[in-house]
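Values in this text are rule-based calculations from the coordinates and carry no lab data. Every value quoted in this text rests on a predicted model; they were computed, and no experiment measured them. All Cβ positions, even for glycine, are placed from backbone atoms using ideal geometry, and neighbour counts span all protein chains on display.
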Amino acid sequence: MLGQTYHAALRGAGHHVQTCATAQAAILAADNIFPDIVVLELQLVSHSGVEFLYEFRSYADWQAVPVIIHSNVPVTQFVGGKSTLEQFGVADYFYKPTTSLRTLIGAIAQHTTVPA
């Protein structure tokens, strides 16, 4: 339900949106559509978001793609803390319980351009 709300709001803001429930599905989707940005929840089915980041950043084509983490995991509990965020090139980190949808959409807009 929440995913549908986010999907609709992002599309309403002019973004093409592809949602994926697993890390593997996200890697396959990225391979097919080459994303302008990735918004990532760390708590994924079967693989963690950290594992997704390791794999995603291992491809040269995806090293410059901005990643925004929007997670139920507080940044203080993120594996490795700030140094890991920098290592993975994480553009922003938002804790879901304290971040509005408007704030997330604003951050996405800062890191991408919406096609005219």
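The sole residue among A30, A23, A107 that is crowded, with 19+ Cβ neighbours inside 10 Å and touching a His at 6+ places or on another chain (Cβ under 7 Å) is A23.
Any chance you could count how many residues in segment 6-37 are closer than 19 Å to R57 by Cβ and of a type in the set (A, V, I, L, M, F, W, C)?
Residues in segment 6-37 being closer than 19 Å to R57 by Cβ and of a type in the set (A, V, I, L, M, F, W, C): 11 in total.
Checking each residue in segment 4-58 for being touching a strand residue (DSSP E or B) at 6+ places or on another chain (Cβ under 6 Å) and under 17 Å from H111 (Cα atoms) picks out V38, V39, L40. Taken together, the residues in segment 27-49 that are assigned to a helix (DSSP H, G or I) and out of contact with any Phe, Trp or Tyr (no Cβ under 8 Å at 6 or more places or on another chain) amount to 6.
Does V75 qualify as being buried (at least 18 other Cβ atoms within 10 Å of the Cβ) and either in contact with an Asp or Glu (Cβ under 8 Å, 6 or more places away or on another chain) or farther than 16 Å from L2 by Cβ (or both)? It is false that V75 is buried (at least 18 other Cβ atoms within 10 Å of the Cβ) and either in contact with an Asp or Glu (Cβ under 8 Å, 6 or more places away or on another chain) or farther than 16 Å from L2 by Cβ (or both).
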